[in-house]
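The values are calculated or read from the model by the stated rules, or taken from the named source; none is laboratory data. Just so you know, these numbers come straight off a predicted model, no measurement behind them. For neighbour counting, all protein chains shown are included, and Cβ atoms are generated from backbone atoms with ideal geometry for every residue, glycine included. The protein model used for the area step is the full one, side chains on, heavy atoms only, and it has no ligands, DNA or RNA in it. Shrake-Rupley method; radii C 1.70, N 1.55, O 1.52, S 1.80 Å.
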Amino acid sequence: MFHVEHEKVGAMAIKTLSIYTFRNLTEVHLTLSPFFNLIAGENGAGKSSILEAVYFLSHGRSFRGHVLEPLIQINQQKTILQALITTATQNEVSLGVMKSLVEEGQIKIGGEVCRSAVELAALLPVQLLNADSFDLLNGGPAFRRQWMDWGLFHVEHSYGELWRQYNYVLKQRNAALKKEGSAAVRCWDEELAQMGEKMVLQRAYYIEQIMPLCNGIFSRFCDFSFYFQYERGWNADISLLDALQSGWSRDLHLGYTSAGPHRADLKLSIAGKAVQAILSRGQQKWLIYSLKLAQGLLLKQQAGKSCVYLLDDVPAEWDEQRQKTVIAVLRDMASQVLITGIDLSYLYELTADSPTKMFHVEQGVVREECIAVEAAEFS
Ligand SMILES: Nc1ncnc2c1ncn2[C@@H]1O[C@H](COP(=O)(O)OP(=O)(O)O)[C@@H](O)[C@H]1O
Ligand SMILES: [Mg+2]
């Protein structure tokens, strides 16, 4: 297993987090452990909202829908989220997001106004594991493309810009397909094809790199090894330019571009059969954990960066051996982890040899638990 040097421990972690008028969290200030943070509380207490606030600081949006209004506390007009993070080079940087129903929102990095949420994501890579993570296996191809793109965005410097430009040109081509007819469509083909071919190569390389890491982790959960079949988004025998050109009449009829990396997918199989047909629901969960943990591991190995893991609603009935594996993998890559659940005291036993903080949430109020008392209960 991969081990980090001592001086990098705690890199890319959130040191302090402040949340104002976000869902039922009126004003919360947390000083987090760079390793494990166990956040317990009853249903509806505000646990997921804390993770949602962290996710928002990284993505500039929620994981529970794109609409702003439900996030802002009832009877309030705006929300403010702030964090002080330690970077991979051990500098401290402040991040801030303000979203309002009545004025334009603002993102600040190191006190300077910043125009795009992409910079937040680059500074604070976050991985979420919750009940919706099943979409990665059972949802549409967009979820698997997002998974690949997350990895490439953080590992490969140029990928974010390439992805942005590709999607810009794609939008132009699609608009031309709807309104302007084939002459206008043609002028986008070469540019789209050139960028699309690059994206496809980078994604293929990423898959090649991450597959052994995913299988390495999955083999610690289940006795299977699986295979990724990467479908790049068009007929395998021809170039993207040929696919675009030979698809003109079909695309004009459809009103959108039917070939390209925006149509890519990943098929996960075991012994030639789709993983969904072989694995139980429980095993599928461990496969999803493997896919997401492997991304953190690759990020650490290739870019020396850590990502923050958000594990929402970890149930008490997780089997112990697999709990230990999850904790061991997270510990080995020195990731900061925020775990929520109704009762997490049982997990403390597993995390306690790394710096661990416990918090209790009740009706939007967060209290840090005194670990000495908790530890004594186990002795
Ligand atoms: N905009 C809002 N203003 C005030 N309260 C909200 C808002 N949105 C959600 N809530 C409440 O905030 C609480 C937060 O729920 P959540 O974080 O999902 O709890 P948990 O994860 O602990 O079960 C819920 O009780 C919900 O009813
Ligand atoms: Mg919840």
Out of all the residues in segment 286-308, is one or more open to solvent by 50 Å² or more (accessible area, probe 1.4 Å) and within 16 Å of ligand 2 (Cβ to nearest atom)?
no
Within segment 32-67, can you find the residues that are over 29 Å from Arg331 (Cβ atoms) and within 10 Å of ligand 1 (Cβ to nearest atom)?
Gly44
Considering only segment 23-35, I want to know if a residue exists there that is of a type in the set (Phe, Trp, Tyr) and either in contact with a strand residue (DSSP E or B) (Cβ under 6 Å, 6 or more places away or on another chain) or free of Cβ contacts under 8 Å to residues at least 12 places away in the same chain (or both).
no
Is it the case that Glu369 is charged (D, E, K, R), open to solvent by 10 Å² or more (accessible area, probe 1.4 Å) and closer than 25 Å to Met12 by Cα?
yes
Would a scan of segment 18-26 turn up a residue that is hydrophobic (A, V, I, L, M, F, W, C) and either within 22 Å of the chain's Cα centre (by Cα) or more than 12 Å from ligand 1 (Cβ to nearest atom) (or both)?
yes
In segment 333-348, what residues are open to solvent by 30 Å² or more (accessible area, probe 1.4 Å) and either within 16 Å of ligand 2 (Cβ to nearest atom) or among the charged types (D, E, K, R) (or both)?
Ile342, Asp343
Does Gln295 satisfy the condition of being of a type in the set (S, T, N, Q) and over 28 Å from His59 (Cα atoms)?
no
Residues to consider are Asp265, Asp237, Asp242, Asp223; find the one that is within 30 Å of Glu320 (Cβ to Cβ) and either open to solvent by less than 60 Å² (accessible area, probe 1.4 Å) or over 22 Å from the mean Cα position of the chain (by Cα) (or both).
Asp223
In segment 292-327, the residues that are of a type in the set (Ser, Thr, Tyr) and either more than 23 Å from Phe143 (Cβ to Cβ) or assigned to a helix (DSSP H, G or I) (or both)
Ser306, Thr325
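To keep it simple, each residue is scored yes or no on (1) modelled with pLDDT under 95; (2) of a type outside the set (Asp, Glu); (3) within 18 Å of Lys285 (Cα to Cα).
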| site | (1), (2), (3) |
| --- | --- |
| Ala121 | yes, yes, no |
| Gln127 | no, yes, yes |
| Ala131 | yes, yes, yes |
| Leu136 | no, yes, yes |
| Gly140 | no, yes, yes |
| Arg144 | no, yes, yes |
| His154 | yes, yes, no |
| His157 | yes, yes, no |
Please return the ranges of helices (runs of 4 or more DSSP H) entirely within segment 170-260 where 3 or more residues are among the aromatic types (Phe, Trp, Tyr).
182-221
